[in-house]
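Heads up, the thing below is written out as structure tokens.
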Amino acid sequence: MPASDIIRVRRFFERGVYFIGQGSYPEACTNFKDALQINPNFLPARTHMALALAHQHKYVDAIKLLEEGRKQVPLRDDQLVEVLSLLGNICLIRQDYRAAVYYLKAARKIDPVNAKLRLMLSTCYCKSGQFAEGLDLLLESAKAHG
């Protein structure tokens, strides 16, 4: 990719981040979309755009965007955990606990000691009525920090 394209992607991305900070989510999405048109594999633009979409209650669009990115390019483990965690969070907000559990369990397979993932998964279990599983994770968390 030419240096000029890298600079343009960065500018669009930084503008998008600025607009998120201002609470102007449609403008943020426009800038992230422009960055992704130049470089569809630029994960920060994809994850930030998903956040901006979620702030607009466009959860299905956010999930679709992240799923496309997850399948488009091989991700490092830390990137995959970030994407799966974000997907889990969005599903949790939508109250789609089954999908949230799916994504968060996949993230925990990659990063089993991540306390944040353990807590989010515990929350999903409890909200979906699976209290025993949720409590088990909370106890596991307490043992890890005790």
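Observations
- Selection from segment 97-116 of residues that are out of contact with any Cys (no Cβ under 7 Å at 6 or more places or on another chain), crowded, with 18+ Cβ neighbours inside 10 Å and closer than 18 Å to Ala54 by Cβ: Ala107
- Screening segment 115-134 for residues that are of a type in the set (Ser, Thr, Tyr) and assigned to a helix (DSSP H, G or I) and picking the one that is farthest from Asp96 (Cα to Cα) gives Ser122.
- In the set (1) in a loop (DSSP other than H, G, I, E, B); (2) within 30 Å of Phe131 (Cα to Cα), the condition left unmet by Met1 is number (2).
- Qualifying residue in segment 39-55 (condition: surrounded by 15 or more Cβ atoms within 10 Å (Cβ to Cβ) and more than 18 Å from the chain's Cα centre (by Cα)): yes
- Flag if Tyr18 is surrounded by fewer than 17 Cβ atoms within 10 Å (Cβ to Cβ) and closer than 27 Å to Asn114 by Cα: no
- Failed condition for Gly69, given (1) modelled with pLDDT of 95 or more; (2) outside the structural domain of Ser122 (by TED's automatic domain parsing): (1)
- Search result, residues across segment 79-99 that are under 12 Å from the mean Cα position of the chain (by Cα) and not β-branched (Val, Ile, Thr): Gln79, Leu80, Glu82, Leu84, Ser85, Leu86, Leu87, Gly88, Asn89, Cys91, Leu92
- Cβ-Cβ under 8 Å pairs, at least 6 apart or on other chains, segment 47-66 side modelled with pLDDT of 95 or more, far side among the hydroxyl-bearing types (Ser, Thr, Tyr): Ala52/Tyr25; Leu53/Tyr25; Leu53/Tyr59; His55/Tyr25; Gln56/Tyr25; Leu66/Thr47
The values are calculated or read from the model by the stated rules, or taken from the named source; none is laboratory data. Quick caveat: nothing in here was measured; it's all calculated off a predicted structure. A quick note on method: Cβ atoms are made from the backbone with ideal geometry, for glycine too, and the neighbour counts reach across all protein chains shown.
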